[in-house]
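A quick write-up on the structure given underneath.
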């Protein structure tokens, strides 16, 4: 696969002859990052797969209007984040589950998930992350696992760098406390 | 991130490795599945019917019409009521004839007691008087029972 820059991919996408080809290249380029970002929010593989497809469907529909005011990948992350959070909210309202039950359900699904390959401590870490508020959960995953810059996170989440640093600090303290229990 | 070891020793021990995995060949097939999914949903998109496009405008127009009709009905009925009350200002014959179906004894009585009303009965021809007396719905009881009270 030729390594096109985002700018080149967008130019290809705007040509009707190469639109599908360009979109395919965009999916190939970003699919893993988007998938793992979503997977860490929704935990379950099948749910993540649905959310990934819906994310790219949204991208397909809106890419023509993308004005390059922001970087393509921060724009994709923003869509993916919104889709994943909307999915969890919908799941909660669909089954009339209070938030705590959704968290419990996600925690339980870690142990029964055939696509979870971590040890006991990693499973406990994931359970601790699930308990975090949405914003802290996102910030922690993006900083800790994806090692994303705060500046980029700021563009994706629409929050100041200072607030993101504070969220990460609070998240680490909560996780540490959870990991120290029993 | 260096101070993470001091603020989160347990977290550091857990490591940064991704504990999740995906089915074999998942990322190889994902672009094709995404493309198919997008094509499927793009073609499935129902053409937007013009009725749905103008729905808000239609609702607004319907609401406007409703209020216009309501205002007209209100105006019409209030005018009717005014007309009925305006019998007071006309004359005794009109009171009896025009309000024949809903004749109100009190209305005629009030008109008579307000002595400054004109009475077209005096200036009426015989034919008009006969027509008046033969009028189907007239409440003649009042006229018969109190003939002396009714003095223009």
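No lab work stands behind these numbers, since they all come straight from the coordinates. Since the model is a prediction, treat every value here as computed from it, not as a measurement. Don't worry about glycine lacking a Cβ; one is built from the backbone with ideal geometry, like all the others, and counts go over all protein chains shown.
Per-structure values
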{"read-out": "Residues in region A:37-72 that a label on residue A:134 would reach, taking backbone N under 14 Å of a point 7 Å out along Cα→Cβ", "value": "A:41-42"}
{"read-out": "From the C-alpha gyration tensor of chain A, square roots of 5λ in Å", "value": "31, 19, 15"}
{"read-out": "Point-to-point label distance, residue A:161-residue A:46, nm (Cα→Cβ direction, 7 Å offset)", "value": "4.4"}
{"read-out": "Inter-chain shielding of A:112-119 (mean C-beta neighbours from other protein chains, 10 Å cut-off)", "value": "4"}
{"read-out": "Crossing angle, helix A:161-180 versus chain A [Cα axis fit, 0-90 degrees, rounded to tens]", "value": "40"}
{"read-out": "Rounded to 10°, Cα long-axis angle of helix A:72-94 versus longest principal axis of chain A", "value": "50"}
{"read-out": "Most fluctuating residue given options A:116, A:140, A:56, as computed from a GNM of chain A linking Cα atoms under 10 Å", "value": "A:116"}
{"read-out": "Full-extension gain in nm, residue B:6 to residue B:27, via 0.36 nm per residue minus C-alpha separation", "value": "3.8 nm"}
{"read-out": "Value of Rg to Rh for region A:91-182 (Rh from inverse mean 1/r over Cα pairs, i.e. Kirkwood)", "value": "1.00"}
{"read-out": "Helix axis angle, A:120-131 relative to chain A longest principal axis, alpha carbon, degrees", "value": "80"}
{"read-out": "Equivalent ellipsoid dimensions for region A:1-85 as semi-axes, Å, which come from the Cα gyration tensor, largest first", "value": "23, 13, 11"}
{"read-out": "Using a Förster distance of 35 Å, the FRET efficiency for residue A:169-residue B:61 (Cβ separation, nearest 0.05)", "value": "0.05"}
{"read-out": "Gyration tensor verdict on region A:28-69 (Cα atoms; rounded if a/c is under 1.5, prolate if a/b is larger than b/c, oblate otherwise)", "value": "prolate"}
{"read-out": "Contour minus Cα-Cα distance for residue A:91 and residue A:62 (0.36 nm per residue)", "value": "8.0 nm"}
{"read-out": "Among A:24, A:141, A:82, residue whose mean-square fluctuation peaks in a GNM of chain A (springs only between Cα atoms under 10 Å)", "value": "A:24"}
